[in-house]
Amino acid sequence: MRTIKDINSIQEISEYFRTVGKKIGFVPTMGSLHEGHVSLILRARDECDILIVSIFVNPTQFLPDEDFNQYPRDFLRDYHICKSSGVDYIFFPDATDIYPEDYSTYVNVEGISEKLEGKFRPGHFIGVTTIVLKLFNLTKPHFSYFGQKDAQQALIIKKMIKDLNIDTEIKICETYREKNGLAMSSRNEYLSRDEKIEAGILYKMLCKGKKLILEEKIKDADSVKKILFEMMKENSKNIKLQYLEITDSENLNEIKDLFVYRGGILISLAGFIGKTRLIDNVLFYKDL
Ligand code: AMP
């Protein structure tokens, strides 16, 4: 495994492997790797000839009051995880090379970027799509792996690829969880043991929401939400929900009438426990 910092070198390496007909798999990350990241890496390892993992804490996707400076960073640990997972190249650029002083180009996927997370983190997805497009241009992947944990991000990147005719195929991997259901996240490092236990309620709420819709056939979304809010109140003192939405999984439009709705449903939420912001979601299909 090699670590590449230089942006021209990674582009030359990727170009070479494309030319000789090797399939390049790419897993973009912000490091502080956990089993969720590893599940993406192992799938990519299985499906591709050359596997590139990027580690870059992208400043443009953090809002000024967010945790960019505190975000956990441990390159040595990440290096060993990548090595033992069969990664060929770690791309570990410096921010000054990615965003030189005169940098001025940003990508915006209009519409879906303003929903859900976008309402609470305005501009966040512009940072995400911009860095992801830059990383695609540098690593030239045939296949790119993203987590369902960040459902809206995955949707936005798929849309960007379609709209801008980018030559890569997106593979979405299911959310890897702790035993109590808490979605794995680098930010879980901020949580105390008790907070981790308490945060397990979030996934239980999402599963309950799915059950209320598919099995108990509750007809209106507001009633589902009300039951889930009650469930949270009963089980958690410290979580403050920012949103809990029931939306069409393709366009993220709110679903009100569950009785008539057919298609993919995404129940997603974000909330704070202490100062730590957590997100999670479930995606399922309703036909009848
Ligand atoms: P991050 O380092 O948080 O930017 O995440 C890098 C990639 O890993 C993104 O595509 C995430 O959606 C994905 N990811 C993060 N956490 C998980 C998880 N618990 N299960 C599966 N994928 C994840």
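Per the listing Lys233, Lys237, the residue uniquely not hydrophobic (A, V, I, L, M, F, W, C) and not in a helix (DSSP H, G or I) is Lys237. In this structure, Tyr145 does not satisfy being away from the ligand (no atom under 16 Å from the Cβ) and either under 30 Å from Gly264 (Cα atoms) or modelled with pLDDT of 95 or more (or both). Of everything in region 190-206 that is under 19 Å from the mean Cα position of the chain (by Cα) and part of a helix (DSSP H, G or I), the residue that is surrounded by the most Cβ atoms within 10 Å (Cβ to Cβ) is Leu202. Can Ser54 be described as of a type in the set (S, T, N, Q), under 16 Å from Leu138 (Cα atoms) and more than 12 Å from the ligand (Cβ to nearest atom)? Against the criterion (of a type in the set (S, T, N, Q), under 16 Å from Leu138 (Cα atoms) and more than 12 Å from the ligand (Cβ to nearest atom)), Ser54 does not qualify. Take the conditions within 15 Å of the ligand (Cβ to nearest atom), of a type in the set (A, V, I, L, M, F, W, C) and touching a residue at least 12 places away in the same chain (Cβ under 8 Å) and apply them to Leu40. Does it pass? Here the answer is yes, as Leu40 does meet what is asked. Note on region 1-96: enclosed strands (runs of 3 or more DSSP E) holding 3 or more residues that are open to solvent by less than 60 Å² (accessible area, probe 1.4 Å) and closer than 27 Å to Asp167 by Cα are 24-29, 50-55, 89-91.
The values are calculated or read from the model by the stated rules, or taken from the named source; none is laboratory data. These numbers come from a predicted model, not from an experiment. Backbone-built Cβ (ideal geometry, glycine too); neighbour counts: all protein chains shown. Areas reflect the complete protein model, heavy atoms only, side chains present, ligands, DNA and RNA absent. Shrake-Rupley method; radii C 1.70, N 1.55, O 1.52, S 1.80 Å.
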